[in-house]
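Novice: Next up is a structure, given as structure tokens.
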Amino acid sequence: MNLQNRTTRYAATVGLLLATTALTAPQAIAAQTRTPTGPVSTTAAEPLGKLGPLTDLVIERIQISDDVAASKFGTDSPIEDPVREAQVLDSVRKQAEAAGVDADTAVAFFRDQITASKIVQRGLFDRWTAHPEEAPTTRPDLGPIRSKLDQLTTALLAELKDTEKVRSTPVACQVQLALAGVSGAAVEHLDPLHRQALRTATDSVCRPAQRTGSNG
């Protein structure tokens with residue numbers, strides 16, 4: 001089988017599996033949150049599949065972006081902060097190396113987390129500017145927010161380590177990521193803005209960074 005045919009079959013297989021996941025995930029979530037006798041369980045549902053825990057943490061980080069936006073809105077604090085972003089990614093690289101996670105993969109993943117956060121911040125800024133009555137009435141302190149983000153960094157790196165095997169298998173990773181993404185978005189009732197951020201935040205989960213031999 002030539003390369004073009006193999007690529008076509010691969011794309012068709014992934015597309016079919018993703019479509020099936022989108023249709024079945026809501027029912028799976030409903031089943032997960034019910035006891036055998038039928039009533040809704042008190043245990044909160046979580047994203048499904050092998051990448052569920054990773055996706056759950058990603059969604060938590062995205063939701064914290066709401067607080068980041070609230071802390072900056074109406075101030076001189078910019079959404080774009082290249083210096084801070086560089087510091088975060090440099091810290092991620094060092095932590096990844098210490099945790100036994102491929103540093104390039106970790107940096108690519110966390111670069112996506114930063115981009116996703118900025119998507120949320122810009123979207124909320126636009127919403128609050130257009131509808132001032134929806135704007136936050138309090139301004140959270142960035143200090144505790146950043147402490148929480150640091151904790152999530154550690155947890156996310158641990159999940160990247162734990163999911164190395166599934167993430168290294170393209171078809172399995174795409175299916176598991178779709179399952180976790182669809183179910184996670186449903187569980188958390190994510191609106192279109194936060195769903196867009198989730199897609200961005202998980203963009204490189206199944207695309208490990210290529211090794212170039214460079215430390216940059």
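What follows is calculated from the coordinates using simple rules that are stated; it is not laboratory data. Treat the numbers as computed from the prediction; the structure is a model and nothing was measured. So basically every Cβ, Gly included, is an ideal-geometry build from the backbone, and we count neighbours across all protein chains shown.
Novice: How many times 2.2 N^0.38 Å is the alpha carbon radius of gyration of region 68-150?
Specialist: Computed over Cα atoms of region 68-150, the ratio equals 1.26.
Novice: List the pair-distance distribution P(r) of region 120-214, using every Cα-Cα distance, as the percent of pairs falling in each 10 Å bin from 0 up to the bin containing the longest distance, rounded to whole percents.
Specialist: All Cα pairs considered, the percentages come to 12, 31, 36, 16, 5, 0.
Novice: So which aspartates and glutamates pass the test for K50, namely a Cα distance under 16 Å, with those fewer than 8 places away in the same chain ruled out?
Specialist: E159, D162, E164
Novice: Separate question: Given 4 °C and 1.567 mPa s, compute D for region 78-118 with the Stokes-Einstein relation, Rh being the Kirkwood radius over Cα pairs; round to the nearest whole µm²/s.
Specialist: Approximately 125 µm²/s, per Stokes-Einstein.
Novice: While we're on this one: Whole-Hz ³J(HN,Hα) for each residue in region 69-74, computed from phi via Karplus 6.51 cos²θ - 1.76 cosθ + 1.60 with θ = phi - 60°, x for glycine and proline: what do you get?
Specialist: 4, 5, 6, 9, 4, x
Novice: Take the Cα atoms of region 58-216, find their three principal axes, and give me the spread along each one in whole Å, biggest first.
Specialist: So the extents along the principal axes, rounded to whole Å, are 48, 33, 23.
Novice: What ranking do 60-71, 140-151 get when scored by the average of other Cβ atoms within 10 Å per residue, highest first?
Specialist: 60-71, 140-151
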